[in-house]
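> I'd like to ask some things about the structure below.
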Amino acid sequence: MGVECGLVFICIFLIALCAITHYSRKSPLPAVCWVVLFGGLYGFLQAHLILQLPRIVLNPDVILYLILPVLVFDSTRKLRLKAAEAVAWPATVLATLGILVSMFVMAFPLQVFTKIPRMDLLLFCGIMSATDPVAVSAIFRVFPVPEKLKMLVEEESLLNDGTAVILFSLLYARVIEGHDLIFSNGILRFILSVAGALLLGVAAGAGCIFLMRSWQALKDHFIAPLLPLIAVYLVFCAAQGGFDISGVIAVMAATLTMGRLVRMIPREELPNHMDTRFYQGLWDFLSDLANAVLFFILGAEIGSHTAAFQWHTVWISLVALLLSRSVVVYGFGMLFNLFRCRLPFAWMHVLNLGGLKGALSVALILMLPEDYQYRNLFLHAALGMCVFTLVVNTLGVRGYLEKVDFGEAG
């Protein structure tokens, strides 16, 4: 495809995104869900009909290193610190102990019905622990949802992604490379990965703000919005590729550090309200565009998949996923209610339905070796779960929010 054709394709793609965004405003499904379906239609037409359409390939490195950092940065900067701190304990527990429980609960029925070895299933279940609440977050804008619940959904998802990537690296070494995985060593490596990511992120965030103040660039329309993005990508690449620690948690730490330090800067050095809106609008645009590209690529990957889906495994995986999510959310939710950290059942229902699966899980599966015997099987199951949760769970969340009164529900 020549440069001219490529540019025309990009313009047509962007026009299609604009049209989807416009016409989906009154739809029960958010725009991102329609983007996935549009991508699926495109992938199907490209693979099954005699049309000279460019092939869209889901490259895991593009997802991990190009798209994920800006999405984590955008989600983290939108966290309202007081509300986020109030739900930090349940979010952390759900994203650590909850993921471990979910892995084993999900793996049990899969092992019974598929006869796949346990460690391979734990690798798959760890990958599928990553969540993507973007569609649910879009629905939250339509309904009066408590701020703490919004923060809990976002915070749990961010921490889930960080934990999922760490678990993937640990279980990849055991299943694919054949290294021994001792439980105590795995826990120690997990703790070191999180601690190292936090230290690296704090240092990067502080360095970015120091540089911006040294250059007196907080009011500069070019430097001020660009330097934080540079810091985010550098810290992610250094963490994930250089130090083999959690890039997601490093980006979260860097973003939160930048936010806290900016609040300590004298008012006269800070940009005015209009400049701040410009910076935030630019970051919102980049995040929305990255999400749209991500979900279109995911849909195209699903639609262009020519191998026969192993529906038996897909349905078993889906049931196991829903079961494990329910066990974790309601089980830990009731434990929280025994202590001071109260979690109303109405919130648990939203959390349970909000455990959507996205492109990160698919990208991690695509990072498995092509000759790995369960790669295609896991890919089929992941693609099926992504489509189901993005459509059915999203509609479930919307239907529940239309009926629930959070004041009466606690």
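The values are calculated or read from the model by the stated rules, or taken from the named source; none is laboratory data. Note that the coordinates shown come from a computational prediction; the quantities given were computed from them, not determined experimentally. Quick reminder, even Gly has a Cβ in these numbers, built from the backbone with ideal geometry, and neighbours come from all protein chains shown.
> Can you tell me which residue in segment 307-349 is surrounded by the most Cβ atoms within 10 Å (Cβ to Cβ), limited to those that are outside any helix (DSSP H, G or I) and in contact with a Gly (Cβ under 6 Å, 6 or more places away or on another chain)?
Result: Leu343.
> Scan segment 173-186 and tell me whether some residue there is within 30 Å of Tyr374 (Cα to Cα), in contact with a Ser or Thr (Cβ under 7 Å, 6 or more places away or on another chain) and free of Cβ contacts under 8 Å to residues at least 60 places away in the same chain.
From segment 173-186, those within 30 Å of Tyr374 (Cα to Cα) are 173-186; that's our starting set.
Then drop every residue that is not in contact with a Ser or Thr (Cβ under 7 Å, 6 or more places away or on another chain), which leaves none.
No, that holds for no residue.
> Against the condition farther than 30 Å from Leu368 by Cβ, in contact (Cβ under 8 Å) with a residue 60 or more places away in the chain and assigned to a helix (DSSP H, G or I), how does Leu29 come out, does it pass?
No, not satisfied.
> Return the pairs, sorted by first residue and then second, in which the second residue is hydroxyl-bearing (Ser, Thr, Tyr) and crowded, with 19+ Cβ neighbours inside 10 Å, the first residue lies in segment 57-80 and is in contact (Cβ under 8 Å) with a residue 24 or more places away in the chain, the beta carbons are less than 7 Å apart, and the residues are 6+ apart or on different chains.
Val70/Ser287; Leu71/Ser287; Phe73/Thr255; Asp74/Ser287; Thr76/Thr255; Arg77/Thr255
Okay, residues lined up against (1) under 18 Å from the mean Cα position of the chain (by Cα); (2) part of a helix (DSSP H, G or I):
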| residue | (1), (2) |
| --- | --- |
| Ala253 | yes, yes |
| Phe278 | no, yes |
| Leu282 | no, yes |
| Leu286 | yes, yes |
| Asn291 | yes, yes |
| Phe295 | yes, yes |
| His305 | no, no |
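> If Val392 passes every condition in (1) of a type outside the set (D, E, K, R); (2) within 30 Å of Ser169 (Cα to Cα); (3) over 16 Å from the mean Cα position of the chain (by Cα) but one, which one does it miss?
In the conditions (1) of a type outside the set (D, E, K, R); (2) within 30 Å of Ser169 (Cα to Cα); (3) over 16 Å from the mean Cα position of the chain (by Cα), Val392 misses (2) alone.
> Right, next: Looking only at segment 84-101, decide whether some residue is at pLDDT 85 or above, exposed (fewer than 15 other Cβ atoms within 10 Å of the Cβ), of a type outside the set (Phe, Trp, Tyr) and more than 20 Å from Leu390 (Cα to Cα).
Yes, that holds for at least one residue.
> So, one more: Take the conditions over 30 Å from Lys150 (Cβ atoms) and aliphatic (A, V, I, L, M) and apply them to Leu356. Does it pass? Before you say what the answer is, go through the steps one by one.
Numbers: over 30 Å from Lys150 (Cβ atoms): no; aliphatic (A, V, I, L, M): yes.
When the stated conditions are applied, Leu356 does not pass them.
> Related question: Pick from Leu270, Leu289, Leu298, Leu318: which is aliphatic (A, V, I, L, M) and farther than 27 Å from Leu64 by Cα?
Result of the check over Leu270, Leu289, Leu298, Leu318: Leu270.
> Within the group Ala19, Ala95, which residue is among the small types (Gly, Ala, Ser) and free of Cβ contacts under 8 Å to residues at least 24 places away in the same chain?
Checking each option against the conditions leaves just Ala19.
> Select, from Leu7, Leu41, Leu37, the only residue that is farther than 15 Å from Val293 by Cβ, in a helix (DSSP H, G or I) and within 22 Å of the chain's Cα centre (by Cα).
Leu37
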